[in-house]
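J.: Let me give you the structure first, and then I'll get to my questions.
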Amino acid sequence: MADDRSKPRPRRAFGAGDPTTGSPDPEAPTTPDAGATGPAEDAGTTSPGGTPTAGTAGAAGTGTDADGRTGDDEPRPIFREAAPDADAATVRTPSDDEPDEAGPTRAGRLNFTPRPRPVEDDATTLLPRTTGRGDDRTGRPVSALDDDELDDRPRRLGSRARLALLVGAVAAVVVVGLAIGYAVVGVRDQPAAGSDPGQTATGATAAPGSPAPTALLEDTSMLAPEGARSISSKRTWTAGTTVRGPVPDGSGPACLGSDPLEGAPTAQQTITRTLAASGDGGPTALHVAQAYASVEDATQAFTVTARALGTCAVPGDWLFTGRSVEGVGDASTAVAVKSTDGDARTQHWVVMSRTGRALDVVDAATPGKTALNVNDVTKALSSVVATQCTAAGGTCPTTVSTKDSPPPAGGDEPGFLATGDLPPVGSNTAPWVGTPVEAPSEDFSGSQCESVNWSTTAATDKSSRVYLLQDVPGIFGLNEIVLTARDAASATKLVDKVRSDWSSCKERKLTATVDSPTKVTGVASADGTPVTGWTTEVEQKAGSTTTRFRVGIAASGDKVAFVFLNPQKGLDVDGDDWNTVAVRAVQRATQQS
């Protein structure tokens, strides 16, 4: 093992005179001369063999045993000449002609050469300090430089250190380049300088070729006044605001709103434009265009947006009907929406299309009770898709057509009404909320005219749900019961039985008043599968109290849906709207996967 003792650095000690070579009296104390307290000088040097040579020291009194050697209990003298067993081989007396540097007090100084330590096999050899260079810049040999000069001299980097610095510099340049590129891409779709992303820029236009090469959408990709003329050809259309970035709050399409849709990929570009027709109470149009990184992302965005249209979770918006669309892009759909804001009513047609990796939504609205023509709105959307389809890598428009169809599938419970399927209750805009789905209750008696026990009637599957107005107290609400009959004939037979119960109710219950049933029809799918059913109003008198009910039943294939409403003072729906609810209940039942 290597010697781990610290390397001694001896000091010169000065005796009062010539050192005593004999054995000192163990009882006599040694009185050092004042010169022995002087400062240390001439630190030890290194001999050629690597063994340190100590300076001289004065003898100190030590305890000895009978034969003149130090005892085991006494410490060994530091200097060899002070030991009783010192011999001439290790102690050298200076000659008279050697100069005495210390003057008279050092005339009798003894020098000694320490015995070399035995070298162990595994001892660590201390090498002389070196810098790896033969000389310094001044031409002096390195051995001629002192320690301070060696420490202050600059050191030359090795090849590995230079390579590491080069790699680090290249990495830094790459990181800076990527950061600059990201900043350029991020700024590309933002509004012009001086405007915030959430603010509109009135009349914003883009010069041809100004967007970045990778940008799919530009101002010329948006609905133009010329294209909007198909919505209302007798009016003059003008473009309003064009906004790049998120859709401004409160200005999104009907049933969709302006918030990002959960589950939809992030669009690379979003541009929103408004247009208005001339004259008081003229129609308006809103166009939202989005570009995605891939066709797959755009397809997913279309699916998520279509379901959001079918759910219509925006308060005050009611999903009135749907429409299938052909000949516009790779996929398209349309819905009619009735919006209520206090006493004001607005009719919307919202048409959506995807072509390649571009997604477009056009919302054409008009105040009042009469909606615009869906075919005219679809033509306006077609003019937009025609400008985008080639660059987006999608299908360009052909012959455009629409036909009756249920709204896209939506809602939180497949097979049941979505909250957006339920019409507003008077001027109350509180949203509808649904309870958990459960089996029909034995206590549910409906209008008291139906002779059907909904909990035990024959069906392969049956379930029910209740809908209430949020934060509206009382017993007002809507019940829906959905059944799957053994076959279509059984479903039709059940509908006919309930209709017959309504017609004969007055004969069975003298307190009942039943309006003549109204036939309702519709389609359960784009292929024209029919929906057939009936609705009516029933009044039941109990003393001076009269209770009203709205009921409806319809079927399509083996699906049957029964709906029930108990109007209260100030809380009721329009009769035509109720007919729509009865048909919609069956449409939703057929959409259950």
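The values are calculated or read from the model by the stated rules, or taken from the named source; none is laboratory data. Computed from a predicted structure; not experimentally measured. Glycine also receives a Cβ, built like all others from the backbone with ideal geometry; neighbour counts cover every protein chain displayed. Ligands, DNA and RNA are stripped out before the accessible areas are found, and what is left, the full protein with its side chains, is counted by its heavy atoms. Shrake-Rupley method; radii C 1.70, N 1.55, O 1.52, S 1.80 Å.
J.: Name, by its number, the condition in (1) touching a residue at least 60 places away in the same chain (Cβ under 8 Å); (2) in a loop (DSSP other than H, G, I, E, B) that does not hold for Leu261.
T.: Of (1) touching a residue at least 60 places away in the same chain (Cβ under 8 Å); (2) in a loop (DSSP other than H, G, I, E, B), only one is false for Leu261: (1).
J.: Go over the candidates Ser332, Ser324 one by one and state the one that is in a strand (DSSP E or B) and surrounded by fewer than 24 Cβ atoms within 10 Å (Cβ to Cβ). Let's see the steps before the verdict.
T.: Working: Ser332 fails: surrounded by fewer than 24 Cβ atoms within 10 Å (Cβ to Cβ).
Exactly one residue qualifies, and that residue is Ser324.
J.: Now for a different question. Go through the residues of the stretch 462-469 one by one and say whether even a single one is assigned to a loop (DSSP other than H, G, I, E, B) and either in contact with a helix residue (DSSP H, G or I) (Cβ under 9 Å, 6 or more places away or on another chain) or of a type outside the set (Val, Ile, Thr) (or both). Can you show your working first?
T.: Let us first name the residues in the stretch 462-469 that are assigned to a loop (DSSP other than H, G, I, E, B), namely none.
No - not one qualifying residue is present in the stretch 462-469.
J.: Within the stretch 320-339, identify whether any single residue is farther than 19 Å from Ala380 by Cα and touching a Ser or Thr at 6+ places or on another chain (Cβ under 6 Å), and answer yes or no.
T.: Within the stretch 320-339 (the criterion being farther than 19 Å from Ala380 by Cα and touching a Ser or Thr at 6+ places or on another chain (Cβ under 6 Å)), the answer is yes, since at least one residue qualifies.
J.: Something else now. Could you pull out the residue among Leu319, Leu223 that is crowded, with 19+ Cβ neighbours inside 10 Å, outside any loop (DSSP other than H, G, I, E, B) and either over 25 Å from the mean Cα position of the chain (by Cα) or at pLDDT below 95 (or both)?
T.: The conditions single out Leu319.
J.: Only one residue in Val498, Val523 is within 47 Å of the chain's Cα centre (by Cα) and on the phi < 0 side of the Ramachandran plot. Which one?
T.: On the way: Val498 fails: within 47 Å of the chain's Cα centre (by Cα).
Exactly one residue qualifies, and that residue is Val523.
J.: Continuing with the same structure: Do we find a residue being open to solvent by less than 30 Å² (accessible area, probe 1.4 Å) and closer than 29 Å to Asp527 by Cβ anywhere in the stretch 288-301? Talk me through it step by step, then tell me what you get.
T.: From the stretch 288-301, those open to solvent by less than 30 Å² (accessible area, probe 1.4 Å) are 288-289, 291-292, 298, 301; that's our starting set.
If we keep only those that are closer than 29 Å to Asp527 by Cβ as well, we get 298, 301.
Yes: one or more hits.
J.: Consider only pairs whose beta carbons are under 8 Å apart and that are at least six residues apart or on different chains; among these, list those whose first residue lies in the stretch 552-565 and is more than 11 Å from Val581 (Cβ to Cβ) and in contact (Cβ under 8 Å) with a residue 12 or more places away in the chain and whose second residue is charged (D, E, K, R) and open to solvent by less than 10 Å² (accessible area, probe 1.4 Å).
T.: From the stretch 552-565, the pairs are Phe562/Glu480.
J.: Which of the residues spanning the stretch 399-447 are β-branched (Val, Ile, Thr) and touching a helix residue (DSSP H, G or I) at 6+ places or on another chain (Cβ under 9 Å)?
T.: Looking only at the stretch 399-447, we keep the residues that are β-branched (Val, Ile, Thr), and these are 399-400, 402, 419, 425, 429, 433, 435, 437.
Of everything in the stretch 399-447, those that are β-branched (Val, Ile, Thr) and touching a helix residue (DSSP H, G or I) at 6+ places or on another chain (Cβ under 9 Å) turn out to be Val400, Thr402, Thr419, Val433.
J.: Right, another one. Examine the stretch 242-256 for a residue that is open to solvent by 50 Å² or more (accessible area, probe 1.4 Å), at pLDDT 95 or above, part of a loop (DSSP other than H, G, I, E, B) and closer than 29 Å to Asn375 by Cβ, and state whether such a residue exists.
T.: No: zero hits.
J.: What number of residues in the stretch 416-468 are aromatic (Phe, Trp, Tyr), open to solvent by 40 Å² or more (accessible area, probe 1.4 Å) and either under 39 Å from the mean Cα position of the chain (by Cα) or within 18 Å of Thr580 (Cβ to Cβ) (or both)? Even if it seems obvious, please write down each step before you answer.
T.: Pass one, the stretch 416-468, residues aromatic (Phe, Trp, Tyr): 416, 432, 444, 454, 467.
Going one step further and asking which of them are open to solvent by 40 Å² or more (accessible area, probe 1.4 Å), we end up with 444.
So of that shortlist, the ones also either under 39 Å from the mean Cα position of the chain (by Cα) or within 18 Å of Thr580 (Cβ to Cβ) (or both) come out as none.
Residues in the stretch 416-468 being aromatic (Phe, Trp, Tyr), open to solvent by 40 Å² or more (accessible area, probe 1.4 Å) and either under 39 Å from the mean Cα position of the chain (by Cα) or within 18 Å of Thr580 (Cβ to Cβ) (or both): 0 in total.
J.: Something else: For the condition crowded, with 20+ Cβ neighbours inside 10 Å and at pLDDT below 95, what is the one hit in Val314, Val337?
T.: Val314
J.: Name every residue in the stretch 341-360 that is within 12 Å of Gly329 (Cβ to Cβ) and touching a residue at least 40 places away in the same chain (Cβ under 8 Å), in order of residue number. Steps first, answer last, please.
T.: First, pick out the residues of the stretch 341-360 that are within 12 Å of Gly329 (Cβ to Cβ): 351-360.
Those that are within 12 Å of Gly329 (Cβ to Cβ) and touching a residue at least 40 places away in the same chain (Cβ under 8 Å): Met352, Arg354, Thr355, Gly356, Arg357, Ala358, Leu359, Asp360.
J.: On to the next question. Suppose the filter is touching a Leu at 6+ places or on another chain (Cβ under 7 Å) and part of a helix (DSSP H, G or I); does Ala285 pass it? Talk me through it step by step, then tell me what you get.
T.: Details: touching a Leu at 6+ places or on another chain (Cβ under 7 Å): yes; part of a helix (DSSP H, G or I): no.
No, not satisfied.
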